[in-house]
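Here's the structure we're looking at; comments come further down.
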Amino acid sequence: MKGAVVFYSFSGNTRKACLFLKERVKALGSSLDLIDLKLEKEVVPFFKQCLEAALKKKSKLIETDYDLEIYDFIIFASPVWAFTYAPALRSYLDKAKGLKDKIAACFLTFGSGAGSKRALKELENALGKKKMRVLFSKNLSGVKTSDNVYLEWNFNKLLKSLLINLNP
């Protein structure tokens, strides 16, 4: 089975978790492509990033493939900014194709944790609107994404779910 992780990472915390997942999914005998969303122009001050996220703005992405038809499962990941997920992922989801009836998972990384539950629910709803079947969703502490034991514990349910759903 073939999967992808579509993610945006500003500080690198979300990327660390995605790389961890790639290795674990490979150990299960499946492949996981990383689709690292890059912005044409990165907004640097954190306050401006939060403002754009709060206003549900979309970002201009460097050219990327929006057709996910070839994947059996897709994981979406982003940091939490201003009680929502990053504009880069919002922009990608707006244009993404080939999602209907796909297996989905999502996770968000956070600093303070404020608004993380709301942001995760919003992302789950966005995937539901794309007619995806969300098997797993989780919030992760960004500062702990270098801790493999923490990631293993938090992704255990996702990995078991993928194993069951991908190898019936």
- Query: Taking amide H positions as placed 1.01 Å from N in the peptide plane, with prolines and chain starts having none, which residues 5 or more places from ILE35, or on another chain, fall under 5 Å of its amide H?
  - Reply: VAL5, VAL6, PHE7
- Query: Can you list residues whose amide H is under 5 Å from TRP81's amide H, if they're 5+ apart or on another chain and H is modeled 1.01 Å from N?
  - Reply: ALA86
- LYS2's amide H: which non-local residues (gap 5+, or another chain) put their own amide H closer than 5 Å, with H modeled 1.01 Å from N in plane and none for Pro or chain starts? ASP72, PHE73
- Query: How high is the relative contact order of the chain, given as a whole-number percent (alpha carbon pairs under 8 Å, six or more residues apart)?
  - Reply: 23 percent
- Which value at 222 nm does the chain reach when only helices count, each DSSP H run of 4 or more adding -39,500 (n - 2.57), with the total divided by all residues and rounded to the nearest 500 deg cm²/dmol? -12500 deg cm²/dmol
- Message: Can you order the peptides 99-109, 25-35 by their average number of other Cβ atoms within 10 Å per residue, highest first?
- Response: 99-109, 25-35
- Query: R0 = 30 Å: FRET efficiency of SER146 with ALA27, Cβ-based, nearest 0.05?
  - Reply: 0.95
- Starting at 0 and stepping by 5 Å, how many percent of the alpha carbon pairs of the chain end up in each bin? 1, 9, 19, 24, 22, 15, 7, 2, 0, 0
- Karplus 3J(HN,Hα) series, Hz, for the stretch 62-74 with 6.51 cos²θ - 1.76 cosθ + 1.60 (x for Gly, Pro): 5, 2, 8, 7, 9, 8, 10, 4, 6, 9, 7, 9, 9
- For the chain, what proportion of DSSP beta bridges, expressed in % and rounded to the nearest 5, is antiparallel? 10 percent
- Message: Spelling out what I want: for every residue of the stretch 124-132, take phi, set θ = phi - 60°, compute 6.51 cos²θ - 1.76 cosθ + 1.60 (Karplus), and round to whole Hz; glycine and proline get x.
- Response: 4, 5, 4, 5, x, 5, 8, 6, 8
- So ILE62 and SER112, fully extended at 0.36 nm per residue minus their Cα-Cα distance, gain in nm 15.1 nm
- Kindly express, to the nearest 10 degrees and within the range 0 to 90, the angle between helix 148-166's C-alpha long axis and the longest C-alpha principal axis of the chain. 60 degrees
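No value in this document is a laboratory result; all are computed from the given coordinates. Because the structure is predicted, anything quoted here is derived from the model rather than measured. Here Cβ is always computed from backbone atoms with ideal geometry, including for glycine, and neighbour counts include all displayed protein chains.
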